[in-house]
Amino acid sequence: MASNVSDPAGGRRPVIGLTTYLERAVQGVWDVRASFLPQQYFDAVTASGGVAVLLPPQPSAKAAAEVVLDGLDGLILTGGLDVQPELYGAERHPLTDPARADRDEWELALLAGARERGMPVFGICRGLQLINVAYGGTLHQHLPEALGTERYKIGGGVFAENTVDVDAETTLAGLIGAGPYTVHSYHHQGVDRLGEGLVVTARTDDGLVQAFEAPGDDYLVAVQWHPEENSADRRLFLGLVAAADAYAALHRGVAA
C-alpha cells in the first residue's frame with residue numbers, strides 16, 4: 001500500500017475546499033445554523049498534506065464561487081443528502097430526501113468554476129451524483145427498487161462494505177490499483193444514465209457505477225463510496241492533494 005504521508009513540493013501545503021451544509025447545531029445556550037461536515041473529511045485532507053477549508057452554501061452562488069475558488073488549489077464535493085431530482089428532469093420518489101436547493105446551487109457553481117480553471121476536483125458519494133447530474137446524467141432514486149438490493153445502505157449510521165472492480169489504465173487505478181477493492185458504502189441512490197463525457201472506472205458486480213473520471217489533462221475523479229472512513233488508506237486524498245499541488249505550481253507560481 002502507498003504511504004499515507006504527503007510532503008507537497010515547495011513547502012506550501014495546497015488549500016483544499018470541502019463543501020458543507022448549513023445545519024442546526026446546539027451547543028450550550030446556542031441553537032443556530034452552522035457549517036457542518038464530519039471531521040473524517042478534513043482529517044483525511046490534512047493527513048494527506050493539504051489544508052482543509054469548509055465551504056458552506058453562499059448567497060449569489062455563482063459570484064461567491066468565483067471569489068472562493070481564487071483561494072483554492074483543489075475542490076472536494078462531499079457526501080450528504082440526495083440531489084434534487086428536478087435537476088435531471090425526474091419526478092420525485094417518495095423516499096428521496098427533501099430538497100436542499102442552496103447546496104445544489106452552490107456545488108454546481110463551484111464545480112463549473114473549478115472546471116473552467118482546470119482545478120482538481122474529487123467527488124465523494126453525493127459529490128459523484130451531483131457531478132453526474134451536472135454533466136447531463138440521471139440517477140436511480142432508490143436502489144432497492146432499481147437493483148433489488150439494500151447492500152449499499154444498511155442504515156443506523158453503519159457503513160456497509162462492498163467490493164468494487166477498478167478498471168486498469170485509469171487515473172483511479174493509478175491511485176489504488178486495478179481489480180477488486182473493498183469500500184465503505186452509505187447511499188440509496190446511484191448513477192442511472194452516465195453524464196456526457198464521463199468515463200466509468202469502477203463498478204460492483206451488479207453493474208452499478210462506483211467511480212468515474214473525466215478524460216484529459218484536468219483532474220476529475222469521483223467515487224460512490226466513502227474513502228474518508230478508511231483512515232488506513234488515504235491514497236485517494238493523496239492523489240487529490242498531489243494534483244492540487246501541481247495546480248498551485250502552475251497557476252500560483254509555487255515551485256514544484
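The values are calculated or read from the model by the stated rules, or taken from the named source; none is laboratory data. It should be emphasised that the depicted structure is a prediction, and the values quoted were computed from it without experimental measurement. Using ideal geometry, Cβ is built from the backbone for each residue, glycine included, and neighbour counts are taken over all protein chains shown. Only protein heavy atoms, including side chains, enter the accessible area calculation; ligands, DNA and RNA are left aside. Shrake-Rupley method; radii C 1.70, N 1.55, O 1.52, S 1.80 Å.
Points worth noting:
- Check on residue 250, closer than 29 Å to residue 85 by Cβ and either among the aliphatic types (A, V, I, L, M) or in a helix (DSSP H, G or I) (or both): no
- Residue match in the range 75-89 (condition: of a type in the set (D, E, K, R) and either open to solvent by 40 Å² or more (accessible area, probe 1.4 Å) or assigned to a helix (DSSP H, G or I) (or both)): yes
- Neighbours by Cβ (under 7 Å, 6+ apart or cross-chain): first from the range 59-74, farther than 23 Å from residue 236 by Cβ; second open to solvent by 20 Å² or more (accessible area, probe 1.4 Å) and part of a loop (DSSP other than H, G, I, E, B): 64/58
- Residue in the range 105-124 that is open to solvent by 10 Å² or more (accessible area, probe 1.4 Å), without any contact (Cβ under 8 Å) to a residue 60 or more places away in the chain, in a helix (DSSP H, G or I) and more than 28 Å from residue 242 (Cβ to Cβ) present: yes
- Taking first residues from the range 139-152 that are farther than 15 Å from residue 210 by Cβ and partners that are open to solvent by 50 Å² or more (accessible area, probe 1.4 Å), the Cβ contacts under 8 Å between residues at least 6 apart in sequence or on separate chains come to 141/92; 141/95; 142/95; 144/150.
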